[in-house]
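Quick notes on the structure that follows.
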Amino acid sequence: MNFINFNNAGASLLEPSTKNEISKYLKLETEISGYYIEQKKKKILDKFYFNAAKLLNCKPEEISFLQSTTYGWNLFVNSITTKKNSNIVIFDNEYGSNYISLINNNFNVRVSKLKENGEISFEDLKEKIDKNTALVAVCHIASQCGNILDIEKLGKFIKKANPKIIFLIDACQSVGHLKLNVKKNFCDVLVCSGRKYLRGPRGTGLIFIKDSIQKIITPKIIDTTKSKIIGRNLSIFNNKNIFETFEYSPSLKLGLSKAIEKFNNLGHKKVELKIKNLSKYFRKKISLNSFVTLHENKKLISGINTFSIKGKASYDIYTFLRQKKIITSISTFQTSTHYFKKKNLNNIIRVSFHYFNKKKEVDYLVSNINDFTKGIK
Ligand SMILES: Cc1ncc(COP(=O)(O)O)c(C=O)c1O
């Protein structure tokens with residue numbers, strides 16, 4: 001029996017066709033000079049920007065290829081110009097590494113509380129936003145809780161409050177999972193990773209930065225491909241794909257491009273429906289086990305489902321399931337300190353489904369969880 005990957009929110013399975021593209025490119029790099037191959041394959045490598053632009057409904061030049069969401073998030077928040085009294089608003093489902101970058105750079109951070117049912121509280125947000133708010137950042141789907149936040153309503157709300165506020169979406173868990181449309185969502189910046197629901201290779205990600213925002217930021221990392229030294233001054237001459245520097249991995253970029261193309265061709269509706277149906281199926285079956293507590297609002301569900309088992313440590317559940325060849329993951333306090341504090345929890349088990357998972361695999365998961373809880377009083 002093969003392993004069952006129910007950690008698609010960690011890293012999903014690479015598509016075989018994507019793997020082949022990467023291998024083919026690496027074979028060329030093995031046999032011929034890397035720079036020369038890049039020149040020869042420029043057209044196919046540049047398709048990355050068109051695939052990503054189609055994915056998000058933006059312009060190709062608004063995309064930068066990066067290695068991860070964390071890189072994109074850090075690069076962006078460090079590239080904005082803020083005044084001394086500026087503030088940044090996040091929500092209490094924020095991803096740990098994003099919050100770390102704000103603390104690390106001494107930003108004035110305000111945390112807006114989500115409602116108990118997991119929805120955005122626009123009353124609370126209204127109190128947090130003021131004329132000094134430079135940025136509002138949101139995790140569309142958090143790492144540690146599968147509730148989907150209404151980013152369209154949020155984008156509208158922010159821009160109505162003050163069109164100058166930059167709206168940043170962390171779509172790390174929602175890209176390749178749900179429809180993303182930066183125009184419809186009034187989004188200025190979106191970051192995401194390739195290895196999760198897009199099924200791209202590890203070590204890939206991208207950032208979308210609206211062209212009007214690209215013009216008002218100074219990239220924290222900049223090299224000779226984007227700027228010129230004139231005397232002792234720097235002249236930035238290239239505002240396209242603004243966070244990219246000279247060196248990157250063309251084979252991985254090609255891999256991510258293929259993964260995005262695959263998702264674009266499949267269509268988000270089919271993917272989203274399959275994923276959500278698996279979650280519904282799982283949640284219905286597991287809810288018959290009274291020892292299991294699910295942490296999502298069933299009206300907001302995605303492919304990410306988290307739970308705790310009465311009196312049992314997450315690590316023991318995780319290990320038990322892994323022995324049965326079921327890969328899940330543990331979300332710990334550090335993945336989102338605000339969330340876990342609010343929930344009064346230290347960690348939880350996460351199972352995340354993708355469209356290629358099967359109902360019979362979910363049956364196997366449920367039957368193993370039921371075995372695990374036998375004997376609990
Ligand atoms: C919501 C969210 N944001 C950001 C990240 C960080 O992504 P990366 O590890 O690719 O930097 C993750 C990772 O799981 C995540 O779930």
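Based on what the data block shows, is residue 101 more than 22 Å from residue 296 (Cα to Cα) and in contact with a helix residue (DSSP H, G or I) (Cβ under 7 Å, 6 or more places away or on another chain)?
yes
Would you point out which residue out of 275, 317, 260 is assigned by TED's automatic domain parsing to the domain that holds residue 176 and assigned to a helix (DSSP H, G or I)?
260
Hey, residue 80 hits all of (1) of a type in the set (Val, Ile, Thr); (2) touching a residue at least 60 places away in the same chain (Cβ under 8 Å); (3) within 16 Å of the ligand (Cβ to nearest atom) but one; which does it fall short on?
Residue 80 satisfies all of (1) of a type in the set (Val, Ile, Thr); (2) touching a residue at least 60 places away in the same chain (Cβ under 8 Å); (3) within 16 Å of the ligand (Cβ to nearest atom) except (3).
In the set 232, 202, which member is outside the structural domain of residue 299 (by TED's automatic domain parsing), surrounded by fewer than 24 Cβ atoms within 10 Å (Cβ to Cβ), over 16 Å from residue 90 (Cα atoms) and within 13 Å of the ligand (Cβ to nearest atom)?
None of the others qualify; the one that does is 202.
Given the criteria touching a residue at least 12 places away in the same chain (Cβ under 8 Å) and not small (Gly, Ala, Ser), does residue 74 qualify?
Considered against the rule, which asks whether it is touching a residue at least 12 places away in the same chain (Cβ under 8 Å) and not small (Gly, Ala, Ser), residue 74 comes out as yes.
Here's the yes/no breakdown for (1) in the same structural domain as residue 119 (by TED's automatic domain parsing); (2) surrounded by fewer than 19 Cβ atoms within 10 Å (Cβ to Cβ); (3) part of a helix (DSSP H, G or I):
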| position | (1), (2), (3) |
| --- | --- |
| 46 | yes, yes, yes |
| 51 | yes, no, yes |
| 73 | yes, no, yes |
| 80 | yes, no, no |
| 102 | yes, no, yes |
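Take segment 160-173 and flag every residue that is assigned to a loop (DSSP other than H, G, I, E, B) and touching a Cys at 6+ places or on another chain (Cβ under 8 Å).
171, 172, 173
Taking the criterion of being free of Cβ contacts under 8 Å to residues at least 40 places away in the same chain and either more than 25 Å from residue 205 (Cβ to Cβ) or assigned by TED's automatic domain parsing to the domain that holds residue 338 (or both), would at least one residue in segment 130-148 satisfy it?
Yes, the conditions are met somewhere in segment 130-148.
Looking at segment 90-118 only, could you name the residues that are on the phi > 0 side of the Ramachandran plot and touching a residue at least 12 places away in the same chain (Cβ under 8 Å)?
If the condition is that a residue be on the phi > 0 side of the Ramachandran plot and touching a residue at least 12 places away in the same chain (Cβ under 8 Å), then 118 is the only one that fits.
Tell me which of these residue 127 doesn't satisfy, since it passes every other one: (1) within 16 Å of the ligand (Cβ to nearest atom); (2) without any contact (Cβ under 8 Å) to a residue 24 or more places away in the chain; (3) acidic (Asp, Glu).
(1)
Out of (1) assigned to a loop (DSSP other than H, G, I, E, B); (2) surrounded by fewer than 17 Cβ atoms within 10 Å (Cβ to Cβ); (3) under 23 Å from the mean Cα position of the chain (by Cα), the odd one out for residue 290 is which?
Only one criterion in (1) assigned to a loop (DSSP other than H, G, I, E, B); (2) surrounded by fewer than 17 Cβ atoms within 10 Å (Cβ to Cβ); (3) under 23 Å from the mean Cα position of the chain (by Cα) is unmet by residue 290, namely (3).
Can you name every residue in segment 230-255 that is free of Cβ contacts under 8 Å to residues at least 40 places away in the same chain, in contact with a strand residue (DSSP E or B) (Cβ under 8 Å, 6 or more places away or on another chain) and outside any loop (DSSP other than H, G, I, E, B)?
234, 235, 236
Looking at segment 90-97, is at least one residue surrounded by fewer than 20 Cβ atoms within 10 Å (Cβ to Cβ) and of a type in the set (A, V, I, L, M, F, W, C)?
no
I want to confirm something. Restricting to segment 110-124 and keeping residues that are in a strand (DSSP E or B) and either away from the ligand (no atom under 16 Å from the Cβ) or small (Gly, Ala, Ser) (or both), which single residue is surrounded by the fewest Cβ atoms within 10 Å (Cβ to Cβ)?
For segment 110-124, the residue satisfying everything is 110.
Take residue 314 and tell me if it is within 16 Å of the ligand (Cβ to nearest atom), hydroxyl-bearing (Ser, Thr, Tyr), under 26 Å from residue 116 (Cα atoms) and touching a residue at least 12 places away in the same chain (Cβ under 8 Å).
No.
Which members of segment 4-25 meet the condition of being under 19 Å from the mean Cα position of the chain (by Cα) and either in a helix (DSSP H, G or I) or not aromatic (Phe, Trp, Tyr) (or both)?
5, 7, 8, 9, 10, 11, 12, 13, 14, 15
Working only within segment 334-348, note down all residues that are under 21 Å from residue 303 (Cα atoms) and either of a type in the set (Phe, Trp, Tyr) or not in a helix (DSSP H, G or I) (or both).
336, 339, 340, 347, 348, listed by residue number.
The values are calculated or read from the model by the stated rules, or taken from the named source; none is laboratory data. Computed from a predicted structure; not experimentally measured. Virtual Cβ from ideal backbone geometry, glycine too; neighbours counted across all protein chains shown.
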